[in-house]
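Here is the structure we will look at, set down as structure tokens.
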2 protein chains.
Amino acid sequence: MDTSRLTELFENTFPFWSMVSEDDRQTLINSSYEVSFDKGRNIHDGNECTGIILIRSGSLRVYMLSEDGKEITLYRLFPGDLCVLSASCVLSSITFDVFIDSEENSECVVVGGCAYEAIARKHPEVKIFTYETALSRFSDVMWVMQQILFMSMDKRLAIFLLDEISKTEDDTIRLTHEQIAKYMGSAREVVSRMMKYFISEGLITASRADGIKIIDKKRLRALTI
Amino acid sequence: MDTSRLTELFENTFPFWSMVSEDDRQTLINSSYEVSFDKGRNIHDGNECTGIILIRSGSLRVYMLSEDGKEITLYRLFPGDLCVLSASCVLSSITFDVFIDSEENSECVVVGGCAYEAIARKHPEVKIFTYETALSRFSDVMWVMQQILFMSMDKRLAIFLLDEISKTEDDTIRLTHEQIAKYMGSAREVVSRMMKYFISEGLITASRADGIKIIDKKRLRALTI
């Protein structure tokens, strides 16, 4: 990616772009690099300052990890999204660790945390933009928390399956129970039990060859209310 | 509280106080009022803009509430703390609802949300301070989430009991299992079962007359590691 395409990308991503000096823009561009992550690759691991990540293609999954390896997905990032929780040096009030994996083959641009932080220190607009981006993730996380703690599992699985088919525009889902459990922050056994119940209710069918197929969207949707 | 004491309080609370104009300071003071909340009283109920709350004495509990009435305590606020999540008009990127109760008889000062928002719109420092306060709560909430989702119940109860006695500087805790469960976002049955286990292990004693008494702090502390 040459400088002019990088400039265009930053112009479209950072609302403060026109408010900082030419020197500051150059600093941000010089500190940035393109990177491709293979599917499944871990990108950010706890509290180090990886930098600000711009997603150009693919998708990233942001999650929490317990000492014994249990994961809770907090949110996903798609093309055009910006990951700021990976820049701990910019967000000093964030004291928890998140992990980020590349969920598909993903193309990203990483802006160096130190360069970004130096600009943020000079320009309140940069700080405000970064905080606003982080705070909107706070809302996502609260949603996950509410879903996990308060919602019944049938409702959660129904929402997950419907979200999944609306994303892929295909009524068939090719994920294992293990993968679904991981995405939902649940256990495989719980997902399998609920799947069996959904099959017995005629909401879905499932086979090794064809994956999970939604056959009664209307009743599945009724579960989500 | 007269204007000069209010000014002193704001000077000590808001790091931006000296950076805004005399007019702005007067606007904040005029929009503020003192208020006493009785123990147990609900102060903020969802997403309306109650304003910025400064706690002068007592304590407030910030929690989430499910449709069926289940509560999860997110954090508590003590004298000197500032509650910004109650000012939804200032924090437009926060899209979830929190509830706030007065846990003891509490004296607070409430700064009107509209007046505060108008000043925040003019002064980036005000916005930055407010966002930083909200983001540090994000870290608290993530801690709760980690504790609830990942930690085993014995560890959680041990932490709760030790926190409680260090707060009151008394080895006796006068709370019912029901109250403890509520504070921990757990069920009374789970708390009662774990209490029984702690008693059988000789970590605590419990009686209706004398409440819960911690008798082996060392071993209780070992559980929290």
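Summary table below
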| read-out | value |
| --- | --- |
| Label-point separation in nm, A:ASP170 to B:ALA222, each point 7 Å along Cα→Cβ | 5.5 |
| Charge sum, other residues only, whose C-beta stays under 15 Å from B:LEU28's C-beta, Lys/Arg counted +1 and Asp/Glu -1 | -3 |
| Projected-area average for the protein assembly as shown over all orientations - Cα convex hull basis, square nanometres | 25.4 |
| Chain B - mean residue ellipticity at 222 nm from DSSP helices (-39,500 (n - 2.57) per run, n ≥ 4, rounded to 500) | -14000 deg cm²/dmol |
| Cysteines in chain B lacking a second Cys C-beta under 4.7 Å | B:CYS83, B:CYS108, B:CYS114 |
| Dipole axis of the protein assembly as shown (+1 Lys, Arg; -1 Asp, Glu on Cβ), positive-most option in B:PHE96, B:VAL110, B:GLN179 | B:GLN179 |
| Descending semi-axes in Å of region A:1-113, equivalent ellipsoid built from Cα gyration tensor | 26, 16, 11 |
| Rounded percent of accessible protein surface that carbon and sulfur make up, the protein assembly as shown, 1.4 Å probe | 47 |
| Global geometry of region A:154-225, whether rounded, prolate or oblate, following the gyration tensor of its Cα atoms and the 1.5 cut on a/c | rounded |
| Nm distances between copies for A:ARG56, ranked from closest, using label points 7 Å along Cα→Cβ | 5.7 |
| Across the identical copies, how the B:ILE225 labels are spaced - nm, sorted shortest first, 7 Å along Cα→Cβ | 5.4 |
| In degrees, nearest ten, helix A:188-200 long axis to first principal axis of chain A (Cα) | 50 |
| Mean separation of Cα contacts under 8 Å, 6 or more apart, over the residue count of chain A: relative contact order % | 19 |
| Helix A:113-122 axis, angle to chain A major axis (alpha carbon atoms, nearest 10°) | 60 |
| Solvent-accessible area per residue for region A:81-225 (1.4 angstrom probe, square angstrom) | 46 |
| Compactness of region A:165-207 as Cα Rg over 2.2 N^0.38 Å, two decimals | 1.16 |
| Nearest 10 degrees, 0 to 90: helix B:153-168 Cα axis against chain B principal axis | 60 |
| Cleavage-rule hits, GluC sites (Glu not before Pro), region B:167-201, DSSP coil, Cβ neighbours within 10 Å at most 14 | B:GLU169, B:GLU201 |
| A:ILE119 accessible area, assembled protein chains, probe 1.4 Å, Å² | 10 |
| Position B:SER21, label points 7 Å along Cα→Cβ, spacing to each other copy in nm (shortest first, one decimal) | 2.8 |
| Interface B:A - total buried accessible surface [probe 1.4 Å, Å², rounded to 100] | 3200 |
| P(r) tail fraction, region A:70-161 - alpha-carbon pairs more than 15 Å apart, % | 68 |
| Over 32 Å between alpha carbons, listed pairs A:LYS127/A:LYS155; A:LYS182/B:LYS155; A:LYS167/B:LYS155 | A:LYS127/A:LYS155; A:LYS167/B:LYS155 |
| Shielded residues, region B:113-143 - accessible-area loss of 30 Å² or more between chain alone and all protein chains, probe 1.4 Å | B:PRO124, B:ILE128, B:TYR131, B:GLU132, B:LEU135, B:PHE138, B:SER139, B:VAL141, B:MET142 |
| Percentage, to the nearest whole number, of Cα pairs in region B:62-216 over 22 Å apart | 51 |
| Restricting region A:53-126 to GluC sites (Glu not before Pro) in coil, as DSSP defines it, with at most 16 other Cβ within 10 Å | A:GLU67, A:GLU104 |
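The values are calculated or read from the model by the stated rules, or taken from the named source; none is laboratory data. This structure is a prediction, so every number in the text was calculated from the model and none was measured. Cβ sites come from the backbone with ideal geometry, for glycine too, and all protein chains shown count toward neighbours. For the accessible areas, the whole protein counts, side chains as well, though only heavy atoms, and no ligand, DNA or RNA atoms are used. Shrake-Rupley method; radii C 1.70, N 1.55, O 1.52, S 1.80 Å.
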